[in-house]
Structures are given as C-alpha cells and as structure tokens.
Amino acid sequence: TWTAWELICKAMEFFQKNKPEIIAHEFSFASDGLGYGGTIDMVCQLNGQVWLIDYKSGNAVYESHFLQIAADAKAWNLLNPQHKVERAGILHLKALTRGEDKKGEVIQGKGWKLEESENIDNDFEYFQYCQKLWHRANPGAKPKIQEYPLTFKK
C-alpha cells in the first residue's frame, strides 16, 4: 500500500526536477455556458508551454481522466485567455515507471509519470458526447446544494 507521504515525495520529485512555474492551483470554476464546473489542480509554465496538470493517485490512468482535463482546459481557456493551455496531462503518482525516460521524450521518474493528452480538442468532443448522454439520462437534473456549518459548538 502507498502512504500519502510516498505520493507527496513523488510529486515533489516532479516539481524539483521540472521546476514548473505555477500560474494557478486549486482553481475552482463554474460555467453556465459550458454547463459544468470543477476544480483544476494546476496550470503552469513547463518547458516554455502552458500546461494544465491534474494529479491522480489511483492505480491507473483512464480515458475519462483525459476527458476531464480536456473539459477543464476548455473552461480555463475561456476564463483565462491570457494564459491559454497548450498541453494537458495527468501526473500519475502510482505509475509503474522505474526512473527517467532514457530517450528524454516523456516526463517521468521512479513511480510517477506525466501522461499527456494526445489531442485536447478531440478529448473535449468526447466529453461533450458524454455530457449529452448524461443529460438525456437525467433530464431536468439540478446540482445538489450542500451547506456545512462554519463552526461547531462543544
């Protein structure tokens, strides 16, 4: 089993080796026009390009993760055109990598890998198909508003 500290150490290795310049982190948004909202883990300048990066600590990276970051990138670009996302990826903190990529083509280290979306625009189209299917299966659905107390009494 992985401990939270091991995952933090892998993330720190990514930061120390690649030195991304953070533009935004934990950026929450909601868009009536796009019909969704979310929280973006990080947007940064990396190797001269603007990246959107989502952290994942699960055992695998799935197609749905790439649809999520494509949707996040679309929303980010509408809200922040001055820092348009050029590339998007998943920082997988449980990758089965043994170390750095010998060819230097992939950003990775021991047990972590930045898995890049092959085509953000294409992934966003698939996200929209899924969004339409969800609306078809859930007509008239509204977000659940949850309120939590700001303080507790003894």
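The angle between the Cα long axis of helix 120-137 and the main principal axis of the chain comes to about 30°, on a 0 to 90 degree scale.
Annotation for residue 137 and residue 150: the two label points, set 7 Å from Cα along the Cα-Cβ direction, are 3.8 nm apart.
By accessible area, using a 1.4 Å probe on protein heavy atoms only, segment 51-154 has 51% of its surface on carbon and sulfur. Within the listed set 113, 56, 132, the residue fluctuating most in the Gaussian network model of the chain (springs between alpha-carbon atoms under 10 angstrom) is 132. Each Cα pair of segment 1-152 feeds into the Kirkwood radius, which the Stokes-Einstein equation turns, at 25 °C and 0.890 mPa s, into a diffusion coefficient of 145 µm²/s.
For segment 37-90, relative contact order (Cα pairs under 8 Å, six or more residues apart, normalised by length) works out to 42 percent.
Report the residue, chosen from 84, 102, 19, that carries the largest GNM mean-square fluctuation when the chain is represented by alpha-carbon nodes joined by springs under 10 Å. Of the options given, 102 has the highest mean-square fluctuation.
Solvent exposure of the chain, expressed per residue, is 70 Å² of accessible area, with all protein chains present and a 1.4 angstrom probe. Could you pull out the pairs from 94/144; 84/113; 56/153; 17/56; 94/132; 84/110 whose alpha carbons sit more than 25 Å apart here? Table pairs above 25 Å Cα-Cα are 94/144; 56/153; 94/132; 84/110.
Sorted by accessible area (1.4 Å probe), largest first, how do 92, 135, 25 line up? Before the final figure, lay out the partial values.
Details: 92 10, 135 95, 25 120 Å².
Per-residue accessible area, sorted high to low, gives 25, 135, 92.
What angle do you read, to the nearest 10 degrees and between 0 and 90, between the alpha-carbon axis of helix 4-18 and the longest principal axis of the chain? Between the helix axis and the principal axis of the chain, the angle is about 70 degrees. Using only the Cα atoms of segment 44-116, build the gyration tensor, take square roots of its eigenvalues as a ≥ b ≥ c, and label the shape rounded, prolate or oblate: rounded if a/c is under 1.5, else prolate if a/b is larger than b/c, else oblate. Cα axes put segment 44-116 in the oblate bin. As a length-normalised measure over Cα pairs under 8 Å and 6 or more apart, the relative contact order of segment 3-154 settles at 18 percent. When the chain is treated as a GNM with alpha-carbon contacts under 10 Å, the residue of 59, 138, 122 showing the greatest mean-square fluctuation is 138. Per-residue SASA remark: residue 39, around 60 Å² accessible (1.4 Å probe; ligands, DNA and RNA not included).
For residue 130 and residue 57, what does the FRET efficiency come to when R0 = 22 Å and r is the distance between their Cβ atoms, rounded to the nearest 0.05? Intermediate results must be reported in sequence, preceding the final value.
Values: r = 23 Å, r/R0 = 1.05.
Result of the calculation: an efficiency of 0.45.
The values are calculated or read from the model by the stated rules, or taken from the named source; none is laboratory data. As the structure is a computational prediction, the values presented were derived from the model and not from experiment. As a convention, Cβ positions derive from the backbone with ideal geometry for all residues, glycine included, and neighbour counts pool all protein chains shown. What goes into the accessible areas is simple: the full protein's heavy atoms, side chains included, and nothing from ligands, DNA or RNA. Shrake-Rupley method; radii C 1.70, N 1.55, O 1.52, S 1.80 Å.
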